[in-house]
Amino acid sequence: MADVRTIRDDEIGARVALSAEAFGFPAAPTAEQRFRETHDLRWSFASFDADRMVAALDIEPMEVALNGRWLRMGGVQGVQSVPAPDAAPPREP
């Protein structure tokens, strides 16, 4: 069964690698540092299969006005997962 939890600082490299694998492009040399500067790990979640990170997403905390009341909510962003084993390779641009 998969484990879902916030990621730790020592897992940022795995998160960057997952993004590169999911979207089919190499990670920039500065990607880990940029992730640290732009993400709050309290809101960065990942799913693990054994010890392998297989999916991830971030939540952007915000508030929305609804019927005159302000409600806390979270915007989901940065959703990624490992490609399916039988997925077609990425197309050339």
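The values are calculated or read from the model by the stated rules, or taken from the named source; none is laboratory data. Here the structure is a predicted model, which is why all the values come from computation and not from measurement. Virtual Cβ from ideal backbone geometry, glycine too; neighbours counted across all protein chains shown. Just the protein is used for accessible areas: all its heavy atoms, side chains included, with ligands, DNA and RNA removed. Shrake-Rupley method; radii C 1.70, N 1.55, O 1.52, S 1.80 Å.
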Item checked: Hits in segment 3-50 (condition: closer than 20 Å to residue 83 by Cβ, at pLDDT 95 or above and among the polar types (S, T, N, Q)) -> 47
Notebook entry, point to check: Which residues, taken from segment 46-72, are open to solvent by 60 Å² or more (accessible area, probe 1.4 Å), touching a Leu at 6+ places or on another chain (Cβ under 7 Å) and within 14 Å of residue 6 (Cα to Cα)?
Noted result: none
Note to self: Looking at residue 90 and the list (1) at pLDDT 95 or above; (2) touching a Gly at 6+ places or on another chain (Cβ under 9 Å); (3) open to solvent by 60 Å² or more (accessible area, probe 1.4 Å), which single condition is not satisfied?
What the structure shows: (1)
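Need a quick list: strands (runs of 3 or more DSSP E) entirely within segment 34-91 having at least 2 residues that are in contact with a Pro (Cβ under 8 Å, 6 or more places away or on another chain). Show your work before the answer.
Working: elements: 44-49, 52-66, 69-81.
In segment 34-91, the matching strands (runs of 3 or more DSSP E) lie at 69-81.
What residue, among those in segment 73-87 that are over 12 Å from the mean Cα position of the chain (by Cα) and either open to solvent by less than 50 Å² (accessible area, probe 1.4 Å) or of a type in the set (Asp, Glu) (or both), is farthest from residue 9 (Cα to Cα)?
Taking segment 73-87 first, the residues over 12 Å from the mean Cα position of the chain (by Cα) are 73-75, 83-87.
Next, only the ones that are either open to solvent by less than 50 Å² (accessible area, probe 1.4 Å) or of a type in the set (Asp, Glu) (or both) stay: 74-75, 86.
Working: 74: 22, 75: 22, 86: 31 Å.
Top of the filtered list is 86.
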Item checked: Scan of segment 5-24 for residues that are open to solvent by 100 Å² or more (accessible area, probe 1.4 Å) and either assigned to a helix (DSSP H, G or I) or touching a residue at least 40 places away in the same chain (Cβ under 8 Å) (or both), ordered by number -> 10, 23
